[in-house]
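Comments concern the structure below.
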Ligand code: GLA
């Protein structure tokens, strides 16, 4: 029996290190942040139709409940229509719903407002249908189908797994060969992580993101391997450019993730800063996803004394992640980042009702 109302919250994420490795069977170290998206779903007073309100931008959408699946739409509507279609295809019997969306995660800044929206929708709509939320990996894959088939971004599972499985004060070492998740205590010893906006919007579907994914596929084909996880720097050197540089980034980034986990374990924060810098150089020079605005932001942060700074997320604009030493002053407009809990249902008064477990 469907419920009358369900409310859910899903956080955005920051990837400490391990960028563009998820769709290459590699390693990443993200954490969920406190900013996120909240979705309230009520049984509709207008049977036969879903009505959606994006409160912050004062826009609405409506589409029929019954098959055929909702027609594709652009912008944020692609996420809600896609999520409703994919949940329905997965067997969730959704009643006609009135859905309200609000959010605190800045959009287009590389902090995964998209994944937060998808995951919050899934939690609220499954809640309304009184159906258990799919397991984290199944739900992340369902969200990826929304990204691929409805939004047009060939993204991996990084953002959704971080949003679903986040834990306070903890980063998640994700090995996308499984995927498997291992919690890593995020003890920063007085250092602070901040995100600073480069001032340039990034949109995965419209950026070079899909091109990078295609280049990695071509590199695998040329090397005769199933995934770049099996590649080495020596193998990269045999490829024509730019494929060689792309592979070198992925191979060395996986090594930097392992090194970052070790640095956190040793409490060696200066080393973590060096790894962030090295990751940025690799993303700029080998993966070529930086922009002049991002470079200016990184340079300003390093000049102000940051222990390390790098572009985060899909790239081509968005935010810069910086590690600040104890006592360093906060750059203007910086968003202080703390690892928080993952997606959960809320009771209608906003109280926590249940969170996703971390399933290794
Ligand atoms: C975006 C995608 C993720 C991942 C990152 C880069 O955030 O959605 O799947 O590929 O870029 O690490």
Problem set entry | Volume in Å³ per residue [convex hull over Cα atoms, computed for region 15-58] | 160
Problem set entry | Separation between Cα centres of region 39-84 and region 257-274, rounded to whole Å | 44
For this session: Please give the FRET efficiency for residue 329 paired with residue 169, using the beta carbon to beta carbon distance and R0 = 41 Å, rounded to the nearest 0.05.
Result: 0.95
Seminar exercise, completed: Unit-weight point scatterers at every alpha-carbon of region 134-283, Debye formula, q = 0.20 1/Å: log10 I(q)/I(0) is -1.50
Exercise. Who wins for biggest fluctuation among 339, 307, 73 in a Gaussian network model of the chain, springs between alpha carbons below 10 Å?
Worked result: 73
Seminar exercise, completed: Under the helix-only model (-39500 (n - 2.57) for each DSSP H run of 4 or more, divided by the residues of the chain), the mean residue ellipticity at 222 nm, to 500 deg cm²/dmol, is -10500 deg cm²/dmol
Seminar exercise, completed: Under the 7 Å Cα-to-Cβ spin-label approximation, residue 281 and residue 189 lie apart by a distance in nanometres of 2.2
For this session: Work out how much length residue 62 to residue 138 would gain on full extension: take 0.36 nm times their residue separation and subtract the Cα-Cα distance, in nm to one decimal.
Result: 24.7 nm
Seminar exercise, completed: Rounded to a whole number, the Stokes-Einstein D of region 100-217 in µm²/s (Kirkwood radius over Cα pairs; 10 °C; 1.306 mPa s) is 99
For this session: Report, for the chain, the % of DSSP beta bridges that are antiparallel, rounded to 5.
Result: 95
Exercise. Quick one: Cα convex hull volume of the chain, Å³ per residue?
Worked result: 130
For this session: Specify the angular offset, from 0 to 90 degrees and rounded to the nearest 10, of the alpha carbon long axis of helix 243-266 from the longest principal axis of the alpha carbons in the chain.
Result: 90
For this session: Treating the angle as unsigned and between 0 and 90°, give the value, to the nearest 10°, between the Cα long axis of helix 209-223 and the longest Cα principal axis of the chain.
Result: 60
Exercise. GNM on the chain, C-alpha springs below 10 Å: top fluctuator among 278, 162, 89?
Worked result: 89
Exercise. How big is the Cα convex hull of region 100-169 in projection, averaged over all directions, in nm²?
Worked result: 5.4
Exercise. Given the C-alpha centroids of region 92-118 and region 123-169, what is the distance between them in whole angstrom?
Worked result: 11
For this session: Go ahead and run the numbers for FRET between residue 69 and residue 211, Cβ-Cβ distance against an R0 of 41 Å, rounding to 0.05.
Result: 0.90
For this session: May I ask for the angle, rounded to the nearest 10°, between helix 292-303 and the longest principal axis of the chain, with both axes built from Cα atoms and the value confined to 0 to 90°?
Result: 60
Exercise. By how many nm would the segment from residue 268 to residue 336 grow when fully extended, if each residue of separation counts as 0.36 nm and the alpha-carbon distance is taken off?
Worked result: 22.4 nm
Problem set entry | Projected label distance in nm at residue 255 and residue 130, using a 7 Å step from Cα toward the beta-carbon | 5.6
Problem set entry | Hydrodynamic radius by Kirkwood, which averages 1/r over all alpha carbon pairs of region 47-122, in angstrom | 12.9
Problem set entry | Paramagnetic reach from residue 218 (point 7 Å along Cα→Cβ, amide N under 14 Å) across region 232-276 | 239-247
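All of the numbers you see were taken from the coordinates with simple rules; none came from a lab. As the structure is a prediction and not an experimental result, all values here were calculated from the model. We place every Cβ from the backbone using ideal geometry, glycine too, and count neighbours over all the protein chains shown.
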